[in-house]
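Undergrad: My questions will all concern the structure given below.
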Amino acid sequence: MEIKLTVNGTARSDDVEPRLLLVHYLREVCGLRAANVGCDTTSCGACTVLLDGESVKSCTVLAVQANGRSVTTAEGLVAEDGTMSAVQQAFRENHGLQCGFCTPGMVMAATSLLAENPDPTEQQVREGLEGNFCRCTGYHNIVRAVLAAAGKLSGTEASSEASA
């Protein structure tokens with residue numbers, strides 16, 4: 001079945017099996033590796049991407065369901081000159097990762113959260129990331145990274161870092 005969609009700003013047209021999951025389309029057809037396959041059951045969030053700007057777990061979305069839509073992966077957040085997004089920079093600066101397996105999904109969920117709520121409280125960040133699991137950390141630095149990104153995006157960086 002032919003699908004036409006935009007992936008990280010680039011229009012694509014591909015023939016896919018109707019049963020192909022979006023995560024496998026992104027990894028195997030598009031060659032994008034940020035969306036990780038962790039559980040195939042929506043439990044871990046490692047495969048989180050943005051579909052028309054909303055975070056979704058791509059292990060439970062069929063590629064054909066993305067037909068005519070826009071998909072953004074963590075690779076798509078990086079500017080053409082290689083500059084990371086504010087969320088990606090904040091994860092790096094605040095040590096919001098350890099092994100890195102969950103990081104792309106966390107970054108995408110945080111990006112969606114901050115688009116919906118640009119000035120979240122710590123509790124709102126924790127609730128916004130509930131569907132994304134990290135097996136390495138206690139989430140403290142992840143939450144701190146999201147709050148720092150919110151500060152960068154709103155121009156109140158110092159107050160966000162102080163409150164974390």
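The values are calculated or read from the model by the stated rules, or taken from the named source; none is laboratory data. Nothing here was measured: the structure is a model prediction, and the numbers come from that model. Cβ: placed from backbone, ideal geometry, glycine included. Neighbour counts: every protein chain shown. Surface accessibility is based on the protein's heavy atoms, side chains included, excluding ligands, DNA and RNA. Shrake-Rupley method; radii C 1.70, N 1.55, O 1.52, S 1.80 Å.
Undergrad: Starting from the 7 Å offset along Cα-to-Cβ, what nm value, one decimal, do you get for the label separation of ARG33 and GLN98?
TA: That separation, rounded to one decimal, is 2.2 nm.
Undergrad: Using mean Cβ contacts within 10 Å as the protection proxy, how do 24-36, 129-141 order, highest first?
TA: Output ranking for 24-36, 129-141: 24-36, 129-141.
Undergrad: Still on this model: Under 5 Å between amide hydrogens, which residues at least 5 positions from LEU62 or on another chain qualify, with H placed 1.01 Å from N in the peptide plane?
TA: Hits under the 5 Å cutoff: LEU22.
Undergrad: With springs only between Cα atoms under 10 Å apart, run a GNM on the chain and tell me which of ALA115, ALA74, ALA86 wobbles the most.
TA: Of the options given, ALA115 has the highest mean-square fluctuation.
Undergrad: Where does helix 140-154 land angle-wise versus the long Cα axis of the chain, in degrees 0 to 90, nearest 10?
TA: The helix 140-154 is inclined about 90 degrees to the chain.
Undergrad: Separate question: Roughly how big is the chain's charge dipole about its Cα centre, with Cβ charges of +1 (Lys, Arg) and -1 (Asp, Glu), in debye to the nearest 20?
TA: Here the chain has a charge dipole of around 300 debye.
Undergrad: Taking a spot 7 Å from the Cα of ASP15 along the direction of its beta carbon, which residues of the stretch 59-74 have an amide N less than 19 Å from it?
TA: 63-65, 67-68
Undergrad: Carbon and sulfur together cover what percent of the accessible area of the chain at a 1.4 Å probe radius?
TA: 48 percent
Undergrad: How high is the relative contact order of the chain, given as a whole-number percent (alpha carbon pairs under 8 Å, six or more residues apart)?
TA: Over the chain, the number comes to 22 percent.
Undergrad: Follow-up question, since we're still on this one. Using just the alpha carbons, could you tell me how many Å³ per residue the convex hull of the chain encloses?
TA: 103 Å³
Undergrad: How large is ³J(HN,Hα) for each residue in the stretch 123-139, as worked out from phi by the Karplus curve 6.51 cos²θ - 1.76 cosθ + 1.60 (θ = phi - 60°), to whole Hz, x for Gly and Pro?
TA: 3J(HN,Hα) across the stretch 123-139, in whole Hz: 4, 5, 5, 4, 5, x, 9, 3, x, 10, 10, 10, 8, 9, 10, x, 6.
Undergrad: In deg cm²/dmol, rounded to 500, what helix-only [θ] at 222 nm does the chain give when every DSSP H run of at least 4 residues adds -39500 (n - 2.57) and the total is split over its residues?
TA: -9000 deg cm²/dmol
Undergrad: Any chance you could give the angle, 0 to 90 degrees and rounded to 10, that helix 103-116 forms with the longest Cα principal axis of the chain?
TA: For helix 103-116, the angle is close to 80 degrees.
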